[in-house]
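Novice: First the structure, which I've put down as structure tokens, then a few questions once you've had a look.
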Amino acid sequence: MPKSDSNKVAAITITFWIVKTAVTTVGDLAGDALSIALGLGYVPALVIALVITAALFLGQLHLERHRPVLYWALVLSTAASGAEISDSIDRFLHFGTAAGAGIFLVCLLVTQALWRVRCGRIGFYPISRRTDEVFYWMSAILANCLGSVLGDLFGDKWGFGTAGSVAINIAVLALLALVNGKTRISKSSLFWTAFVFTRIPL
């Protein structure tokens, strides 16, 4: 187990989930601002978001321990990139939201399966080894892609609207909290599922 004093990610507390929800929501809105409000279109906005994410990721890799400002900036940029990737698959490539959700779910599951094979475990806290860190951020961006496309799927495709989508997310998170510690489902599976749904689907 990695030592917590060399950890490079945020501790998992109630505050973490509150901040993560706020930051992810802002990231989603930032992605929409690039592509729609500023009129750049999906592909240029995606390129910008990915360049920013890559720069922040490289900065994160060179740190020796957790730095909250850079960590949350990278979460925000992965949310913006996730929104742009999901929008590009749906609206530029015309795969549709349901197909997009399936693609991101499979990619996330494959990434985490590879993580388990490579490292022997799927982590979330603490994270200190370079390999774990790479898989952590790969999972983060895919989870944000999935969360973004699910918001579109629930709200637009299935007609639940914003309020209905928020209610679904809250219900899922409440269920995860209820079964936490009372099931054989791994803590990492619960964490990454919660990572998908901690957002306000505006």
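Novice: Looking only at the stretch 153-163, decide whether some residue is assigned to a helix (DSSP H, G or I), on the phi < 0 side of the Ramachandran plot and surrounded by fewer than 13 Cβ atoms within 10 Å (Cβ to Cβ).
Specialist: Yes: the stretch 153-163 contains one or more residues that are assigned to a helix (DSSP H, G or I), on the phi < 0 side of the Ramachandran plot and surrounded by fewer than 13 Cβ atoms within 10 Å (Cβ to Cβ).
Novice: Out of L178, L146, report the one residue that is crowded, with 20+ Cβ neighbours inside 10 Å and either of a type outside the set (S, T, N, Q) or touching a strand residue (DSSP E or B) at 6+ places or on another chain (Cβ under 8 Å) (or both).
Specialist: Numbers: L178 fails: crowded, with 20+ Cβ neighbours inside 10 Å.
That would be L146, the only listed residue that is crowded, with 20+ Cβ neighbours inside 10 Å and either of a type outside the set (S, T, N, Q) or touching a strand residue (DSSP E or B) at 6+ places or on another chain (Cβ under 8 Å) (or both).
Novice: With respect to L109, determine if the residue is in contact (Cβ under 8 Å) with a residue 24 or more places away in the chain, surrounded by fewer than 14 Cβ atoms within 10 Å (Cβ to Cβ) and not aromatic (F, W, Y).
Specialist: Taking the combined requirement at face value, the residue does not satisfy it.
Novice: Can you pull out every residue in the stretch 75-95 that is over 17 Å from the mean Cα position of the chain (by Cα) and either in contact (Cβ under 8 Å) with a residue 12 or more places away in the chain or assigned to a helix (DSSP H, G or I) (or both)?
Specialist: D90, R91, F92
Novice: Restricting to the stretch 165-202, name every residue that is in a helix (DSSP H, G or I), under 27 Å from L93 (Cα atoms) and touching a Gly at 6+ places or on another chain (Cβ under 7 Å).
Specialist: Correct list: S165, V196, F197.
Novice: For the stretch 120-135, give me each residue that is over 21 Å from L58 (Cα atoms) and in a helix (DSSP H, G or I).
Specialist: none
Novice: For the stretch 86-143, how many residues meet the condition of being at negative phi and in contact with a Lys or Arg (Cβ under 9 Å, 6 or more places away or on another chain)?
Specialist: Final tally of qualifying residues: 15.
Novice: Go through (1) touching a residue at least 40 places away in the same chain (Cβ under 8 Å); (2) farther than 16 Å from F124 by Cα; (3) not in a helix (DSSP H, G or I); (4) not small (G, A, S) and name the single condition H66 misses.
Specialist: (2)
Novice: Looking only at the stretch 28-58, filter to residues that are of a type outside the set (A, V, I, L, M), assigned to a helix (DSSP H, G or I) and modelled with pLDDT under 95; which one of those is farthest from the chain's Cα centre (by Cα)?
Specialist: Of the stretch 28-58, the ones of a type outside the set (A, V, I, L, M) are 28, 31-32, 35, 39, 41-42, 44, 53, 57.
Adding the requirement that they be assigned to a helix (DSSP H, G or I) leaves 28, 31-32, 35, 42, 44, 53, 57.
The next check asks that each one be modelled with pLDDT under 95; those that pass are 28, 31-32, 35, 42, 44.
Values: D28: 10, G31: 13, D32: 16, S35: 19, Y42: 19, P44: 21 Å.
Result: P44.
The values are calculated or read from the model by the stated rules, or taken from the named source; none is laboratory data. Keep in mind that what you see is a predicted model, and the values were worked out from it rather than measured. Glycine gets a Cβ as well: all are built from the backbone with ideal geometry, and neighbour counts include every protein chain shown.
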